[in-house]
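The values are calculated or read from the model by the stated rules, or taken from the named source; none is laboratory data. In this text, all values refer to a predicted model and were calculated from it rather than measured experimentally. Methodologically, a virtual Cβ is constructed for each residue, glycine included, from the backbone with ideal geometry; neighbour enumeration extends over all protein chains shown. Heavy atoms of the whole protein, side chains included, go into the accessibility calculation; ligands, DNA and RNA do not. Shrake-Rupley method; radii C 1.70, N 1.55, O 1.52, S 1.80 Å.
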Amino acid sequence: MRIALCIALLTAMAGAALATEISLDQRRSGYSFMSADTKAMQDEDTANPGMLFVLDGEALWKRKAGSADKACADCHSDARVSMKGVAAHYPAFEKTLGKPVDLEGRINLCRSNHQQASPFAYESRELLALTAYVAQQSRGVPIAAGDDPDLAPFVEKGHALFVQRQGQLNLACANCHDDNWDKKLAGSPITQGQPTGYPLYRLEWQALGSLQRRLRACITGIRAQAYDYGSPELVELELYLMTRARGMPVETPAVRP
Amino acid sequence: MQPYTVVGDAISASLTGTKGDATHGRALVVERSSTCILCHSGPFPEQAFQGDLAPNLSGSGGRWSEGQLRLRLVDAAHLNAATIMPSYYRVDGLTRVGASWRGKPILSAEQIEDVVAYLMTLKN
């Protein structure tokens, strides 16, 4: 009885801690902070540099690879059907590993387990292209990550990382993206840090990049030690960001300044 | 790290024992790596990109004493634990500082004194 009450109290407190989160009707994609020119670049497939990667991804989807000599398409056939809505649910819980994997991680599991090929390196052109191709099949689909009850402790870890002050500048993600998203940092909008468009083409990078690359840039920006690509912490942050963005449409491949 | 004493809301003694150089202090404040104008704006007409997360620095030297400005720069969190303003002369109590910045304050004692000297010239 006592324990049940404690749990109820703790749950209520966790609810209160999350109460500063941005409410659904206030959630705004980074898109809405951009100039008309940059918006037009994202909206127009022929002008969107991310579409070149999507086309590469489509070619890779059909290419046989690994000692299984199988293409993604051999098992998943038409991505427009089989992959529709998939990215909106990632990161997802992977039972065999007992932890969440992001979309890049899932694709690499298919590389090693089903194609018997070596996994692609993080931020390699191939992995970005395939991820963009798979995620583009969810364009417009509302984000619905984090439903699986097995994910709950990992969402909580991601949230803890989000509100943890760190680095020489001693700032938390939440200090900027929850508390000051309507303000400007040295003249440029801070935005809510929504993960809706990844992988995306960033003009500053002159390249397509993953959500992990963006997170590492923010972590280095506050002069903290960036977590390694593929580390549990980055996946937990991605997972928390995706649950925080619930209901927002996937935009991949987005464009950002 | 130089030792210092907080009395009330101020550190009245210079960290270096000497007065800072206001001209150098201005250059530091507008320098991007010092981070001030990521958050603050101020009387810097030549700077196209300034932040709006924090008060305009104009008039700081009129609103605050030298000792108050010194403590604000050294450890703003001492004044307000919830502030987003970093502590510029502090190396302890921080989490996961990146390897290139570990064990070093954001600004040196000399630089703190230069910035204090500059802010004191901003009377209105």
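Annotations for the structure displayed:
- Tally, over segment A:60-81, of residues that are surrounded by 11 or more Cβ atoms within 10 Å (Cβ to Cβ), touching a residue at least 24 places away in the same chain (Cβ under 8 Å) and under 24 Å from residue A:251 (Cβ atoms): 4
- Put simply, of A:208, A:234 the only residue that is at pLDDT 95 or above, within 14 Å of chain B (Cβ to nearest Cβ) and open to solvent by less than 50 Å² (accessible area, probe 1.4 Å) is A:234.
- Filtered residue count, segment B:40-92, keeping only those that are more than 10 Å from every other protein chain (Cβ to nearest Cβ) and polar (S, T, N, Q): 6
- Within segment B:1-16, residues that are part of a loop (DSSP other than H, G, I, E, B) sit with their Cβ atoms under 6 Å from residues that are among the basic types (Lys, Arg) and at pLDDT 95 or above, at 6+ positions apart or across chains, in these pairs: B:11/B:70.
- Given (1) within 21 Å of residue A:212 (Cα to Cα); (2) assigned to a helix (DSSP H, G or I), index of the condition residue A:150 fails: (1)
- Test: residue in segment A:244-253 that is assigned to a strand (DSSP E or B) and among the β-branched types (Val, Ile, Thr): yes
- Hits in segment A:94-112 - residues which are closer than 23 Å to residue A:148 by Cα, exposed (fewer than 15 other Cβ atoms within 10 Å of the Cβ) and over 18 Å from the mean Cα position of the chain (by Cα): A:95, A:96, A:97, A:98
- Scanning segment A:163-177 for residues that are more than 7 Å from chain B (Cβ to nearest Cβ) and either touching a His at 6+ places or on another chain (Cβ under 8 Å) or closer than 17 Å to residue B:36 by Cα (or both) turns up just one, A:176.
- Subset of segment B:33-60 that is in contact with a helix residue (DSSP H, G or I) (Cβ under 9 Å, 6 or more places away or on another chain) and more than 20 Å from residue B:83 (Cα to Cα) - its residue that is surrounded by the most Cβ atoms within 10 Å (Cβ to Cβ): B:44
- Filter result (open to solvent by 40 Å² or more (accessible area, probe 1.4 Å), in contact (Cβ under 8 Å) with a residue 40 or more places away in the chain and in a strand (DSSP E or B)) within segment A:177-201: A:188, A:189
- Flag if residue B:72 is under 10 Å from the mean Cα position of the chain (by Cα), buried (at least 17 other Cβ atoms within 10 Å of the Cβ) and not β-branched (Val, Ile, Thr): yes
- Only residues that are over 27 Å from residue B:92 (Cβ atoms) and touching a Leu at 6+ places or on another chain (Cβ under 9 Å) were counted across segment B:1-47, and they come to 5.
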